[in-house]
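K.L.:
After the structure tokens below, expect a handful of questions from me.
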Amino acid sequence: MDLNQLKVAVVGAGIGGLAVARALALRGARVTVLEQAPEIREVGAGLQVSPNGVAVLRALGLDQALIATRAVRAGAISLRDSGDDEVLRLDLARHAADQPHYCVHRADLIEVLADGARAAGVRLRLLHKVDRVQPGPEPVIDTCSGARLKADLVIGADGLHSKVRPALNEGSAATFTRQVAWRAVLPETGNPSPEVRLYMGPRRHLVTYPLRGGTQRNIVAVEETPQWTDEGWSQEGDPAALRALFAGFGPEVRELLSRVETVHRWGLFRHPVARDWQGEGVALLGDAAHPTLPFMAQGACLALEDAWVLADRLAMADTMPAALAGYQAARRDRAARIVAAASRNAWKYHLSLPPLRMAGHMALRLGGRIAPGAMVRQFDWIYRHDVTGGAMVETPVPEVAE
Ligand code: FAD
């Protein structure tokens with residue numbers, strides 16, 4: 001398809017929305033992003049961007065800008081038991097030099113993507129909350145302030161509570177997983193090792209890694225709990241309650257949590273992957289299509305992959321229906337497989353019966369000793385999947401901040 005002058009409206013200026021906006025604008029489309037928030041910003045939290053996500057940033061010409069934010073290149077993922085002993089070490093240095101795994105601040109990634117979108121000519125419209133979308137030959141967007149907008153293509157990149165998804169799919173209920181995530185970012189002193197550490201205990205686990213050149217540290221702690229009311233980011237938690245939850249863990253975890261001053265809690269819900277990701281003049285991507293639990297650290301990476309594939313299919317296919325159908329066919333099974341793997345990991349990390357936990361940790365230890373390479377390679381289907389095939393979008397050269 002000739003994307004030149006194609007009018008595209010992207011709903012949501014998150015990771016997936018900004019990435020697809022840049023990808024399409026670089027190919028000549030006229031892209032407007034509608035964002036409900038008053039500014040483009042992100043909560044203070046960390047994010048792992050594995051090689052499959054980095055491949056998309058590279059193809060979009062934004063990987064160097066990400067590195068310039070002092071993203072930390074992780075050398076390993078270390079799985080530990082609750083007493084700090086290493087159970088399994090996944091040596092990420094086994095990946096090729098051009099397959100880095102970064103720990104980044106979400107705000108930095110959003111800024112890099114927003115700068116990249118603007119530099120490609122994308123118009124960002126803030127305070128535009130979309131109420132509903134009607135598919136059709138000229139799809140229509142109604143905003144909550146009563147405005148009606150039209151485009152040739154509407155892309156729903158509006159996250160977990162998407163208003164675009166219901167235009168293509170029946171409503172589907174989310175189920176509470178009985179897990180709550182606690183998130184905090186701490187100032188870091190000293191010289192932290194550049195690795196992701198995951199401490200596993202009965203009915204809870206904690207993930208931590210350095211951010212911004214090692215000057216900050218991200219913590220995500222997950223506990224099992226029977227009740228939760230709402231799904232969202234913004235509930236403030238009590239640091240003392242978090243410390244109490246992990247009081248039985250070793251000194252490393254206790255020391256980290258002793259420094260937490262502000263923490264937010266977030267109920268984890270399981271959502272089905274959308275059956276239909278596309279309709280007449282409308283497509284979904286990222287969490288709007290396939291919300292995932294955070295236990296594979298892949299939600300943002302999948303959104304980046306979707307963004308690339310959608311733009312690529314639009315550029316390669318003869319017609320929009322063929323492009324959108326090809327996009328869904330290329331993406332749905334992979335996303336569903338990763339969403340399912342993330343659901344399984346929650347259970348594995350939290351083994352609470354001592355015999356089961358010992359057996360599970362023993363199996364991991366043995367695997368790590370006997371075949372360390374194989375332990376890393378089991379994730380190749382996720383990390384080494386390059387949807388760009390090493391491509392780079394051609395000019396114009398991005399003008400992102402140094
Ligand atoms: P979002 O980032 O949610 O963006 C949606 C945007 O749409 C927002 O800007 C929102 O304001 C806007 N919007 C919503 N509704 C409307 C509307 N009606 N009108 C206009 N605008 C609207 N992923 C990783 O890859 N690695 C990780 O390490 C990782 N860790 C995680 C840890 C936790 C605890 C959690 C909760 C998630 C984690 N994720 C991780 C997942 C990742 O954050 C999400 O999958 C990712 O942000 C999805 O991107 P998105 O662009 O689809 O949606």
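K.L.:
How much mean residue ellipticity at 222 nm does the chain get from its helices, if each DSSP H run of length 4 or more adds -39500 (n - 2.57) and you divide by all residues, to the nearest 500 deg cm²/dmol? Please list the in-between numbers first.
P.N.:
Numbers: 12 runs with 133 residues, N = 402.
Estimated from H runs of four or more residues: -10000 deg cm²/dmol.
K.L.:
Any idea how far the Cα center of the stretch 9-48 sits from the one of the stretch 261-316, in Å?
P.N.:
Taking the Cα centre of each part, the stretch 9-48 and the stretch 261-316 sit 13 Å apart.
K.L.:
Could you work out how far helix 320-349 tilts from the main Cα principal axis of the chain, as a 0 to 90 degree angle to the nearest 10?
P.N.:
Taking Cα atoms only, the helix is inclined about 10 degrees.
K.L.:
Can you tally the net charge around GLU138? Count Lys and Arg as +1, Asp and Glu as -1, for every other residue whose Cβ sits under 13 Å from the Cβ of GLU138. Let's see the in-between values first.
P.N.:
On the way: positive: LYS7, ARG148, LYS150; negative: ASP152, GLU280.
Local net charge: +1.
K.L.:
Roughly how tilted is helix 299-316, in degrees to the nearest 10 and between 0 and 90, from the longest Cα axis of the chain?
P.N.:
30
K.L.:
Hey, could you grab the Kirkwood Rh for the stretch 267-312? Inverse mean 1/r over distinct alpha carbon pairs, Å, one decimal.
P.N.:
Numbers: mean 1/r = 0.0880 Å⁻¹.
Hydrodynamic radius (Kirkwood, Cα pairs) of the stretch 267-312 is 11.4 Å.
K.L.:
Run the numbers for ALA240 and ALA336: contour at 0.36 nm per residue of separation, minus the present Cα-Cα distance, in nm.
P.N.:
Values: separation 96, 0.36 × 96 = 34.56 nm, distance 3.71 nm.
Residue separation times 0.36 nm, minus the Cα-Cα distance, leaves 30.8 nm.
K.L.:
Now for a different question. Below 8 Å between Cα atoms, with a sequence gap of 6+, how large is the relative contact order for the chain in percent?
P.N.:
Worked out over the chain, it gives 24 percent.
K.L.:
In straight Cα distance, which aspartates and glutamates are under 15 Å from LYS129, not counting same-chain residues fewer than 8 positions off?
P.N.:
GLU35, GLU39, ASP142, ASP158
K.L.:
Tell me the angle of helix 15-25 to the major Cα principal axis of the chain, expressed in degrees between 0 and 90 and rounded to the nearest ten.
P.N.:
With rounding to tens, the tilt is 30 degrees.
K.L.:
Excluding ARG41 itself, calculate the net charge of residues whose Cβ lies under 15 Å from the Cβ of ARG41, where each Lys or Arg counts +1 and each Asp or Glu counts -1.
P.N.:
On the way: positive: ARG106, ARG118; negative: GLU35, GLU39, GLU42, ASP108, GLU111, ASP115.
Within the 15 Å Cβ shell, the charges total -4.
Values in this text are rule-based calculations from the coordinates and carry no lab data. As the structure is a prediction and not an experimental result, all values here were calculated from the model. FYI the Cβ positions are ideal-geometry reconstructions off the backbone, even for glycines, and counts take in every protein chain you see.
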